[in-house]
Amino acid sequence: MTNLETLKEAFITSIKGASTTLIVLKNQKGTQVGICNYGARITHFIVQDEQENWVDVVLGFNSIQEYLNAAELYHGVTAGPFANRIANGAFMIGNTLYQLEQNDGLNNLHSGKAGFHAQVWDVVEQNTSSVQLSISYADGEGGFPGPITASVTFTLTDDDELVMDYKASSGKDTIINLTNHAYFNLNGEGSGTILNHSVKINADSFVEINEACIPTGKFIEVENTAFDFSVLKPIAKDIAEKDIQLVNGNGYDHSFVLNQNENGLTHAATAIGDISHLKLEVFTEEPGMQFYTGNFLNAKDKGKAGNYYERRSGFCFETQHHPDSPNQAHFPSVILKEGELFESKTVYKVSF
């Protein structure tokens, strides 16, 4: 098993005058999670399977330079201030129009090149099992009204749960949608396709998208469609169907409308590796979850084990509000009022 402590030096550099570092979280089982403050990202999640093998279930790299040079920008990142897509990169709050960078065709994706994923976050406090990172965004930075202050606290429990507590506040009414963009392969990063992983999603409907992956505003019932994950099924089972939604997303790249609990965490999804039999469960307070099957991974990035990350070699469970929510009045609101506190919790739990 890789001792993440030995990698710390490889994560030290300076970006725009800010120092990067690798924080290593550990629990009593010996599980290790790597957190880098560049992008507040998960770099490693090393757990033991039922055969007592150590498996790193998150795609990524062993040095900061590899993250800086990667073709895929979003490995393990905390995406914000607004994760996912906004149509035409534009939204209104009251009578004021805000224009963001258009970095995904005409749309804004993950807040553009200067999003939270591309910033060095401050390390506020840390101990063996937890770290709190924070970031400040000036009013108008990236096109967003502010100033915005956000934080995420990563905590590794002795039950192999990685708990993510998000907070944000703003000096002006703004929009907030935070998520984590870890790519998982439960057979181990770099071990090949995730198509034979089995997935279950606790949702009766999903958000319909157009050819630009922007919501049409319509929710589609999953029953009798390729999007029915109400019981465990292999990702490969329906992904090649001639469904216009799968064509538009180039596979699964859709927000599912979670069947939320009235109070507390919702059990959003489960995935099981076909070889390792490791199970990932996701719990969240968010109303949606983007299920993304790594459709645009392109074998340009060589991962930690020395293997290239090919198409569909990782999947994401991105708990969130739905894409383009600022422009969809009937979606749950993403408006964060001046002086109010945004709080949200998501848990990734790995077991066998």
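Remarks
- Using only the C-alpha atoms, the convex hull of segment 198-327 corresponds to 129 Å³ per residue.
- Excluding exposed DSSP-loop GluC sites (Glu not before Pro) (at most 13 other C-beta within 10 Å), longest clean stretch of the chain: 53-210
- Put in line by how crowded their Cβ is, counting other Cβ atoms within 10 Å and starting with the fewest, Ser255, Ser344 read Ser344, Ser255.
- Helical contribution to [θ] at 222 nm, DSSP H n ≥ 4, -39,500 (n - 2.57), averaged over the chain, rounded to 500: -1000 deg cm²/dmol
- Taking the square roots of five times each eigenvalue of the Cα gyration tensor of segment 197-266, the equivalent ellipsoid has semi-axes of 20, 16, 9 Å, listed largest first.
- Ordering Val58, Val163, Val347, Val47 by the number of other Cβ atoms within 10 Å of each residue's own Cβ, fewest first, gives Val163, Val347, Val47, Val58.
- For segment 313-341 and segment 82-109, distance of Cα centres in Å: 13 Å
- With contacts taken as Cα pairs under 8 Å at a separation of at least 6 residues, segment 198-327 carries a relative contact order of 23 percent.
- Whole-number Å³ per residue for the convex hull built on Cα positions in segment 130-244: 179 Å³
- Average Cα contact separation per residue, the chain, under 8 Å, 6 or more apart, as relative contact order %: 18 percent
- Least to most buried among Thr346, Thr128, Thr216 (fewest other Cβ within 10 Å first): Thr128, Thr216, Thr346
- The trypsin sites (Lys or Arg not before Pro) of segment 208-260 that DSSP puts in a loop, and whose beta carbon has at most 15 other beta carbons within 10 Å, are Lys242.
- 34 Å tail of the calculated P(r), the chain, as % of Cα pairs: 19 percent
- Rg/Rg_ref, segment 269-333, where Rg_ref = 2.2 N^0.38 Å and atoms are Cα: 1.43
- Compared with the rule-of-thumb size 2.2 N^0.38 Å for a compact globular protein, segment 17-93 has a Cα radius of gyration ratio of 1.39.
- Cα-based values for segment 57-130, radius of gyration first and Dmax second, are 15.4, 47 Å.
Rule-based calculations on the coordinates, nothing more; no lab input. Nothing here was measured: the structure is a model prediction, and the numbers come from that model. Here Cβ is always computed from backbone atoms with ideal geometry, including for glycine, and neighbour counts include all displayed protein chains.
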